[in-house]
1. If we scan segment 91-98, do we find a residue that is on the phi > 0 side of the Ramachandran plot and modelled with pLDDT of 90 or more?
2. Might you check whether a residue that is within 20 Å of Ser108 (Cβ to Cβ) and at pLDDT 95 or above occurs anywhere in segment 62-75?
3. Take Ala46 and decide whether it is among the hydrophobic types (A, V, I, L, M, F, W, C) and assigned to a helix (DSSP H, G or I).
4. For segment 32-43, name all the residues that are without any contact (Cβ under 8 Å) to a residue 60 or more places away in the chain and not in a helix (DSSP H, G or I).
5. Do we find that Arg23 is touching an Asp or Glu at 6+ places or on another chain (Cβ under 6 Å) and more than 19 Å from Ile109 (Cβ to Cβ) in this structure?
6. Report, by residue number, each residue of segment 49-82 that is under 12 Å from the mean Cα position of the chain (by Cα), assigned to a helix (DSSP H, G or I) and among the aliphatic types (A, V, I, L, M).
Amino acid sequence: MSKIAHRRIRANGIDVHIAEMGRGPLVVLLHGFPDLGYAWRHQLEALADAGYHAVAPDLRGYGETDAPAAVEDYSMFKMIGDVVGTLDALDARTAVLVGHDWGARIVSIFTPAPSPEPASGGRSIGTATWTGMPRSSRPTSVCRSCRRRCSWPANRTALFVSPRWIR
């Protein structure tokens, strides 16, 4: 298989670094904290081998992607705008979004949007969903209560993205 290609694209007013491999339907892999797109390097190769165009951007403020100085430039609205801008820069009509940790939060907000949003599907990995959970059971509350007993990050999961997840 060929090597992972790296380039910068313009998306939502910032330069976004992406790593990509393969040709075919687009799969965008969004990393968590404190990772980079590099965290998806094994999945990029597996997805490319399975016939997908796999892309892993460094999110806003991470790695080689621009890091605006203003705190308000890191809102979820801006982060989702970066994903939409990335899809536009890749000339993608549809994509499957896969996210881990912070990337999963972006996916969970982005994918329920009604058409004509460009996400054809989404998967969140290693992250609890907060919908319907009592506030005292949410991960942030649980981690505050057991801080001495568990080491950060409590929700870290071994990752392997299988192409059969993407439908």
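The values are calculated or read from the model by the stated rules, or taken from the named source; none is laboratory data. Because the structure is a prediction, the values reported are computed rather than measured. Backbone-built Cβ (ideal geometry, glycine too); neighbour counts: all protein chains shown.
1. Yes, there is a match, as at least one residue in segment 91-98 is on the phi > 0 side of the Ramachandran plot and modelled with pLDDT of 90 or more.
2. Yes: segment 62-75 contains one or more residues that are within 20 Å of Ser108 (Cβ to Cβ) and at pLDDT 95 or above.
3. yes
4. Once the filter is applied, which keeps residues that are without any contact (Cβ under 8 Å) to a residue 60 or more places away in the chain and not in a helix (DSSP H, G or I), segment 32-43 yields Pro34, Leu36.
5. no
6. Met79, Ile80 - these are the residues of segment 49-82 that are under 12 Å from the mean Cα position of the chain (by Cα), assigned to a helix (DSSP H, G or I) and among the aliphatic types (A, V, I, L, M).
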